[in-house]
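Participant: Here's a structure for you.
Values quoted throughout were computed directly from the atomic coordinates according to the rules given, and no laboratory measurement underlies them. Quantities reported herein were computed from a predicted structural model and do not represent experimental measurements. Cβ placement follows ideal geometry from the backbone for every residue including glycine, while neighbour counts extend to all protein chains displayed.
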């Protein structure tokens, strides 16, 4: 079984703000100043494009997978998922759009809508995974309706949405308890717990905690996953390169491969620091 994250894995991970007022955008950008999340980066980038002056902020705190809070202009601002932001009731998500909610002093202030296009090779990679006999699964922190649209586009029917980082890790652990051998493919800090919980964690362009949690660091989604007769059963290869020239993980699920190269995987301890 190959479990895919959505944002930054099947999508480009470079979302763009599609709809937001200047005032709401400036407030959110100020609150998001310390976050590395792709949606936070998109909000800050759009505020820069519009030339918005950001109010002063302090007291930044981030809850990974949920959102951030900070004092902006003396007011308490929360930015993130509907369930995280004060006073926002869950509602059906707009297909293909990530919604970032904003609350000020405990009251809903509005929503910023962002789009994140699919990677050009996402559907082809999923098709190759399916062709090997492995079952692809989509595990995302976005709403199930958003996940379902992405799943339909790339050929994944098994969708699990609204998953927090801890929820992703628990889903992977549950699949393993049920007897599945799980390869988790993710990108970003929010995927680190799930990568660590899998038999094999494949991190795309990994840094920091994500790099430390993964068994394999993979620079691009176009790397193809092909089972081999082994407990973990995965070979990673790139387009046009024979599998015999690439690293293979065939023994222990805790083999650490710093990068996919034609040499044996180095044996050293996984760095579990935040990074």
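Participant: I need the semi-axes of the equivalent ellipsoid of segment 16-115: take the C-alpha gyration tensor, multiply each eigenvalue by 5, square-root it, list largest first in whole angstrom.
Facilitator: 18, 16, 12
Participant: Just rank 10, 39, fewest to most, by other beta-carbon atoms within 10 angstrom. Don't skip to the answer; put the middle values down first.
Facilitator: On the way: 10 29, 39 23.
The fewest-first ordering by Cβ neighbours comes to 39, 10.
Participant: Would you please state which residues of segment 7-33 a label at residue 71 would reach in this model, taking the label point 7 Å out along Cα→Cβ and a backbone N cut-off of under 17 Å?
Facilitator: The answer is 30-33.
Participant: Still on this structure, I have one more. Please find the FRET efficiency linking residue 113 to residue 176, where r is the Cβ-Cβ separation and R0 is fixed at 41 Å, and quote it to the nearest 0.05.
Facilitator: So the FRET efficiency works out to roughly 0.70.
Participant: Just grab the label-to-label distance for residue 105 and residue 18, each label 7 Å out from Cα along the Cβ direction, in nm (one decimal).
Facilitator: That separation, rounded to one decimal, is 3.3 nm.
Participant: For residue 166 and residue 33, FRET efficiency with R0 = 35 Å and r from the beta-carbon atoms, rounded to 0.05? Walk me through the intermediate numbers first.
Facilitator: Numbers: r = 25 Å, r/R0 = 0.72.
Approximately 0.90, to the nearest 0.05.
Participant: Can you give the FRET efficiency to the nearest 0.05 for residue 130 and residue 83, using r as the Cβ-Cβ distance and R₀ = 30 Å?
Facilitator: The pair residue 130/residue 83 has a calculated efficiency of 0.40.
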